[in-house]
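Below is one structure, written out as structure tokens; the observations come after it.
The numbers here are math on the coordinates, done by the rules we state, and not lab data. None of the values given here were measured: they were computed from a predicted structure. Cβ coordinates were reconstructed from backbone atoms using ideal geometry, including for glycine residues, and neighbour counts include every protein chain displayed.
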Amino acid sequence: MNNTNKILIGAAVLQAVLLAVTWSSGVGRAGASSEVEPLVDVELSQVSAFTVSDRPEGEEAAESVSLKRAGEGWVVDGADDFPADAEKVDEVIGKLLKASRRDPIATKAANHNALDVGERTYDKKVALTIDGEQKTLILGSAKGSSVHARFEGQDDVYLARGISSWAVGNKVDTYVDTQYLDVEDPVEVRVVNQNGPIDLAKDDSDTWRVAQLKPDAPVDPSRVRSFVTAARSVRLTAPVGKTVKPEYGLGDGAVTVSVRNAEKTVSWRIGAEDGDFRYVKADDDDYVVKVRKYALESLVGQSPDKFVEEVPTTPKAPGSQPMGIPGLPPGVQLPPGLQMPPPGGH
């Protein structure tokens, strides 16, 4: 081994030793203490508000959800107190409060980014309002049902067990009943969009008929089924609020939908686009909501002719000619008993 190699090996060993000393000065072994403590030592009833946000990507803002207590339940903050599903909210907060920790696994800010709990490198931020005071947890990835966790403003990092970052949702549809409207067993559907009215009704044989088509038009059952399903059942992505603003496009020019079953008629409107969503408002519901565009496409762009089933045709081979008798025009048949001689015969 020459002197150059010896110097390089010595430098590498020294660097490894320095790195180990630096890391061990700020990072301990998970579970070094035998005492197990709650990650957040409070009762569920003490939590009055709950906000979860993810890390913003590039120019995109962080996606977040905020909930607050209202009486015995929870509501979505910022959406005119749209009711949340209390059982779903309590379940997520309960998991967070049941998570346990031991001694910190890191105590220096220099280690935050490596553990995904830094100012710009993290999975989720969770703000809990407890007895009027807000505590914010920064959660980072870890193996299995555990997360790296740090309280905002503190350097200590814990390995919290019994909770995972993905289990703490930052989207509002995690915490609400997403079924905005649902009409069972519809018998009539009317949609008016830019292409005009479309009227569907079930006949005595329980078959859907399109009023704007001829009675003998071949109707594609799968297209009808998709259209009726989109009209009778709507799932929201996020509540907006009770105020119907002009930019929602729910006035003149909106797509109108009416669905009737044996008991009632439900009417609703499809408004303007907002990114991947459209605004929707049911006549008998106080709230405007957002619904994914793809779920509404068949209603917005449909026209009666699109229900007609396409009859498949067999394409002819390139250069092929109509079948017939050689020497005679196509379609001409010989009298019975008379046959043409074979090719080349006399």
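Annotations for the structure displayed:
- Short-range pairs are left out: with C-alpha atoms under 8 Å and at least six residues apart, the relative contact order of the stretch 179-307 is 30 percent.
- Near Lys124, the amide H atoms lying under 5 Å from its own belong to Leu139; only residues 5 or more places off or on other chains count, and H is placed 1.01 Å from N.
- Length-normalised contact order of the stretch 23-174 in % [C-alpha pairs under 8 Å, at least 6 apart]: 28 percent
- Structural size metrics of the stretch 179-307, computed from C-alpha coordinates, are Rg and Dmax of 14.5, 46 Å.
- 12 Å beta-carbon shell around Arg55, net charge (K/R +1, D/E -1): -4
- Solution diffusion estimate, µm²/s, Stokes-Einstein, the stretch 23-174, Kirkwood Rh from C-alpha pairs, 20 °C, viscosity 1.002 mPa s: 135 µm²/s
- Cut-off under 5 Å, modelled amide H: who pairs with Glu188 long-range: Arg260
- For the stretch 151-202, the alpha carbon convex hull comes to 177 Å³ per residue, rounded to a whole number.
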